[in-house]
Amino acid sequence: MHELSIAQSIIERVEAIRAEHEASGIASVQLQVGTLSGVDPYALELAFSVAVERTLYADTRWDIESVVARVKCRTCGRTTAPDGPFPICMNCDSTDIAIVTGRELMIDTIEVKQDEEKNHV
Amino acid sequence: MCDECGCGDVDHTHTNDPSHDHDHGHSHGHSHGHSHDHDEKVVLSVREKVLARNEELAAKNRLWLAEHNVTAVNLISAPGTGKTFLLERTLERLQGRVGCAVITGDQQTDNDAKRLAGKGAPVRQIETQSACHLEAQRVGDLFEEVIQDETRILFIENVGNLVCPTAFDLGENFKIALLSVTEGEDKPLKYPALFSLAPVTIVTKTDLLPHLDFDMEACRENLRKVHPGMFVFELSAKSGDGLDGWIDYLEKLG
């Protein structure tokens with residue numbers, strides 16, 4: 001359940017970005033989680049529901065986009081999307097591959113709320 | 001949905017002029033002037049790794065270790081695989097030959113540190129409390145305490161957990177996965193994240209093999225499937241079988 005500390009790191013980073021932009025709150029955060037990142041999107045969602053309690057982010061929407069694994073094969077040169085939990089080439093079954101996508105664990109975009117009062121006098 | 005007027009069209013803008021035209025196909029009156037209590041939203045592109053902070057600290061640890069000529073290995077396995085027992089035997093064998101230091105992590109208690117004490121290597125315990133893994137900061141904070149001039153190898157014994165510690169770089173040179181024969185030969189397939197990252201696996205408790213249906217060849221095949229070129233040790237810290245190869249390897253490392 002390292003998702004909880006990951007959710008907490010995300011919230012800390014989001015808080016820093018909110019403060020930097022002097023925003024009044026955060027409407028939503030878009031995250032990318034690769035299927036090989038070792039992070040379970042459902043566990044992460046649950047972690048957010050706990051971690052945001054009694055914070056400024058209780059109403060923030062956490063959008064978790066799953067990024068499928070894609071591997072480039074060093075044997076046949078093809079790029080394929082493995083359907084199992086471990087990365088192998090779907091074309092020739094080789095395990096000598098480089099992971100192209102799937103390890104992502106990223107904050108993609110943040111939708112900040114700017115208090116309108118500040119925008120017009 | 002637009003938070004200002006509640007319509008379904010998000011691609012429009014609102015101005016503060018109450019007599020403005022709506023460009024989204026319906027109209028409604030604004031009875032208020034300037035006392036808006038709602039917010040404008042701005043989307044910021046961040047594109048930042050979630051564990052960027054941990055990775056930064058891990059890079060700092062890695063640099064510090066390199067400057068002090070220390071090789072650090074991050075030992076990861078399920079609870080009960082025998083990390084601490086193997087370390088006890090390892091420290092005894094390396095005592096007086098290779099300078100060692102240990103940082104060991106558990107959720108609670110300093111039992112492991114007590115077991116590892118008095119074997120010629122400084123040992124520090126991290127109690128992680130609720131966390132199921134070690135992070136770069138707490139490990140790096142202990143370097144000055146645990147690493148001496150003669151230290152060549154730092155063993156970082158992670159919290160017993162096959163999943164979570166894998167995601168957190170500590171600044172080690174590499175990870176070593178441990179797998180006991182009682183856990184089954186298909187463990188590398190069930191938990192590929194660790195085995196695909198660790199270049200070395202130690203299969204422990206081989207003294208129990210006569211009592212089990214464990215298929216060592218299938219285990220090695222599974223390890224290679226997840227990690228081609230995986231370096232595998234088979235040993236029993238209890239009987240001492242296979243320990244020589246591991247000790248030789250560490251002596252070369254140090």
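The values are calculated or read from the model by the stated rules, or taken from the named source; none is laboratory data. Worth saying up front: this structure is predicted, and the values here are computed from it rather than measured. No Cβ is skipped: glycine too gets one built from the backbone with ideal geometry, and neighbour counts run over all protein chains shown.
At a glance:
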read-out	value
Selection from the stretch A:5-28 of residues that are over 15 Å from A:T109 (Cα atoms), more than 7 Å from chain B (Cβ to nearest Cβ) and small (G, A, S)	A:A7, A:A19
Residue that is surrounded by the fewest Cβ atoms within 10 Å (Cβ to Cβ) [pool: residues in the stretch B:239-254 that are free of Cβ contacts under 8 Å to residues at least 60 places away in the same chain and closer than 16 Å to B:G82 by Cβ]	B:S239
Failed condition for B:A113, given (1) more than 14 Å from chain A (Cβ to nearest Cβ); (2) in a strand (DSSP E or B)	(2)
Some residue of the stretch B:171-189 being modelled with pLDDT of 95 or more, away from chain A (no Cβ under 14 Å), touching a Lys or Arg at 6+ places or on another chain (Cβ under 9 Å) and surrounded by fewer than 18 Cβ atoms within 10 Å (Cβ to Cβ)	yes
Number of the exception - A:P85 against (1) at pLDDT below 95; (2) away from every other protein chain (no Cβ under 14 Å); (3) over 30 Å from A:I17 (Cα atoms); (4) out of contact with any strand residue (DSSP E or B) (no Cβ under 6 Å at 6 or more places or on another chain)	(2)
Segments classed as strands (runs of 3 or more DSSP E), wholly inside the stretch A:20-121, with at least 3 members that are touching a residue at least 60 places away in the same chain (Cβ under 8 Å)	A:25-34, A:105-115
Scan of the stretch B:146-161 for residues that are part of a strand (DSSP E or B), over 18 Å from the mean Cα position of the chain (by Cα) and within 15 Å of B:V123 (Cβ to Cβ), ordered by number	B:T151, B:I153
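Residues are listed down the side, and each one gets a yes or a no for (1) more than 12 Å from chain B (Cβ to nearest Cβ); (2) under 30 Å from B:E40 (Cα atoms); (3) in contact with a His (Cβ under 8 Å, 6 or more places away or on another chain):
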| residue | (1), (2), (3) |
| --- | --- |
| A:L46 | yes, yes, no |
| A:R54 | yes, yes, no |
| A:G102 | no, no, no |
| A:T109 | no, yes, no |
